[in-house]
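Down below is the structure, laid out as structure tokens.
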Amino acid sequence: MTIERAVHGAYFPGDGDDWERIAPEEAGWDARLLDAALDQTMREGAGAVLIVQGGRILAECYGEGWGAEVRERCSSIQKSVIALLVGIALQEGRLSLTDPLSRSLGARWGNVSGEAEARITLRHLLTMTSGLDNDLNAVAEPGTVWFYNSPAYYRLKAVLEAATKLPLVAFMRDRLTGPIGAGETDWVGPLLTGQQLRVSARDLARIGLLVLHGGRWGTRTLLADTEYRHAMLRTSQALNPAYGYLWWLNGQDSFLVSGADEQRGGA
């Protein structure tokens, strides 16, 4: 079974606090063991824990200073959000996976010669196979090595802004987070140097539900490009089986972490 599957009688939460709950016993959970697990998780320093089953909240707890409406900065999770936004821009005809990055960013966006730069495409950044190091120097041919490269990834945000002619947060709210009831999610910091997504646990759960339901939210389909959606959630290249389009994939026989040696066993 894949992460994306048909869900019959799907429940989608409303805006704000309009979110149904389900009791652990009703959902087939052992409430005593669940409480013990949550207590242990909070003692170890978790800020927020939210468990959703069938779209409904099964358990929710927060540390000091946290809460259902509190939005905190997160880093790598943002990559999956950007992958969704790229998919939406693709289905609108604003981008192509084979576009060289220089088409959106102009020449010399990295520390690479013009000819080499022209070989780096949108797909390479989505799959972490640009051949660039953290300083955006070319160290390999695009598509020949896998390296978890956040500085190169950041350029996708500038690509989205150039392609949509909108600030990143405006495009995200109009096409993604607004329609699913997560409209206060935003971005903090400079676009190309460590910008972070500011989001609540509930908003992340909404994004997860959207993906689980095949890009659909209620009667509205936000990411209808089935081919892209499938590629995003499956192995995207031959170098790291555990990576799709900016999404980590669990359960693979082997995986790479940050471009290090191959690890064996489920990711």
For this session: Would you check which residues across the range 44-55 are crowded, with 16+ Cβ neighbours inside 10 Å and touching a residue at least 40 places away in the same chain (Cβ under 8 Å) and list them?
Result: 48, 49, 50, 52, 55
For this session: With respect to residue 169, determine if the residue is within 16 Å of residue 86 (Cα to Cα), β-branched (Val, Ile, Thr) and touching a strand residue (DSSP E or B) at 6+ places or on another chain (Cβ under 7 Å).
Result: yes
Problem set entry | Meets criteria (over 30 Å from residue 59 (Cβ atoms) and in contact with a Pro (Cβ under 7 Å, 6 or more places away or on another chain)) for residue 161 | yes
Exercise. Is there a residue being surrounded by fewer than 16 Cβ atoms within 10 Å (Cβ to Cβ), at pLDDT 95 or above and either not assigned by TED's automatic domain parsing to the domain that holds residue 142 or not in a loop (DSSP other than H, G, I, E, B) (or both) anywhere in the range 171-180?
Worked result: yes
For this session: Within the range 26-43, track down each residue that is buried (at least 16 other Cβ atoms within 10 Å of the Cβ) and of a type in the set (Lys, Arg).
Result: none
For this session: Could you check, for the range 121-133, whether at least one of its residues is under 30 Å from residue 67 (Cβ atoms) and modelled with pLDDT of 95 or more?
Result: no
Exercise. Conditions: (1) assigned by TED's automatic domain parsing to the domain that holds residue 225; (2) within 20 Å of the chain's Cα centre (by Cα). Residue 49 meets all but one. Number of the miss?
Worked result: (1)
For this session: Collect the residues in the range 173-196 that are closer than 19 Å to residue 159 by Cα and hydrophobic (A, V, I, L, M, F, W, C), keeping them in residue-number order.
Result: 176, 187, 188, 191, 192
Problem set entry | Test result for residue 68, over 27 Å from the mean Cα position of the chain (by Cα) and of a type in the set (A, V, I, L, M, F, W, C) | no
For this session: Counting only residues that are crowded, with 20+ Cβ neighbours inside 10 Å, give me the helices (runs of 4 or more DSSP H) lying completely in the range 79-148 with at least 1 of them.
Result: 114-117, 122-127
Seminar exercise, completed: Picked from the range 143-195 (must be acidic (Asp, Glu) and in contact (Cβ under 8 Å) with a residue 24 or more places away in the chain), the residue farthest from residue 71 (Cα to Cα) is 161
For this session: Could you please find all residues in the range 43-78 being over 16 Å from residue 19 (Cα atoms), in a strand (DSSP E or B) and either polar (S, T, N, Q) or at pLDDT below 95 (or both)?
Result: 72, 73, 74
Exercise. Any idea how many residues of the range 223-236 are assigned to a loop (DSSP other than H, G, I, E, B) and buried (at least 19 other Cβ atoms within 10 Å of the Cβ)?
Worked result: 2
For this session: Report whether or not residue 240 is among the polar types (S, T, N, Q), in the same structural domain as residue 80 (by TED's automatic domain parsing) and surrounded by 19 or more Cβ atoms within 10 Å (Cβ to Cβ).
Result: yes
Seminar exercise, completed: If we keep only residues of the range 217-239 that are in contact with a helix residue (DSSP H, G or I) (Cβ under 9 Å, 6 or more places away or on another chain) and charged (D, E, K, R), then the residue farthest from residue 81 (Cα to Cα) is 225
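The values are calculated or read from the model by the stated rules, or taken from the named source; none is laboratory data. None of these values were measured; they are calculated from a predicted model. Glycine also receives a Cβ, built like all others from the backbone with ideal geometry; neighbour counts cover every protein chain displayed.
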